Amino acid sequence: MKRNILPAAAVAGCLGLIGCAGLGTQQVTAPPPGTVYCDSPVLCKIQVYVDNCKVSVVPEYVGLPRGHPNVIIMWTIETSGYEYLTDGIKFKTPGWENEFDHPSHAPTQFTMRDLNPTGLQRGRKFDYAVKVKPTNGAACPVHDPGIVNDM
């Protein structure tokens, strides 16, 4: 009988060598270009702008330093006439649910707590989708920025 040991070896290597924050979590050794560090241990603000249904965020990537757990991330739409969809901020990277919780939203503001737990691999990158629409219109194309924990 032939046995396939590759999956077991891969999991053992993951757990033993890099300490996997969660299978599927993206790890970066350097923050993406343009990353802005959130220095506040309490609140990190991200501005959302919309121009003819084209979404942009400032900063595009946010880096949370090691040792800043339980930071509230607040996304605010700065352009009048637009609002969030019900799932206006939606994380796409596997394992996100182990690092972000307590989502809450109003028409132009979305908040979530970033647990940023210590003891996991550094440089955990989480891509998310920003979903907005005109107040009386259809959804705009999705924009995909990110957050890097433990940089």
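Please sort 26-35, 79-88 by packing, taking for each peptide the average over its residues of neighbouring beta carbons within 10 angstrom, highest first.
Working: 26-35: 12.7, 79-88: 14.9.
In decreasing order of mean packing, 26-35, 79-88 become 79-88, 26-35.
Maximal additional length on extending the ALA129-ASP101 stretch stands at 8.5 nm, based on 0.36 nm per residue less the C-alpha distance. Once the Cα-Cα distance is subtracted from the 0.36 nm per residue extended length, the ALA30 to GLU78 segment shows a gain of 14.3 nm. Under the simplified labelling scheme, the ASP39-THR111 pair shows an inter-label distance of 2.3 nm, with each label point 7 Å from Cα along Cα→Cβ. For MET151, MET74, the sequence from fewest to most other C-beta atoms within 10 Å is MET74, MET151.
Counting only lysines at least 8 places from LYS125 when in the same chain, those with an alpha carbon closer than 23 Å to its own are LYS45, LYS90, LYS92.
FYI, it's all coordinate maths here, none of it is from the lab. Just so we're clear, the structure is a prediction, and the values are computed from it rather than from any experiment. So basically every Cβ, Gly included, is an ideal-geometry build from the backbone, and we count neighbours across all protein chains shown.
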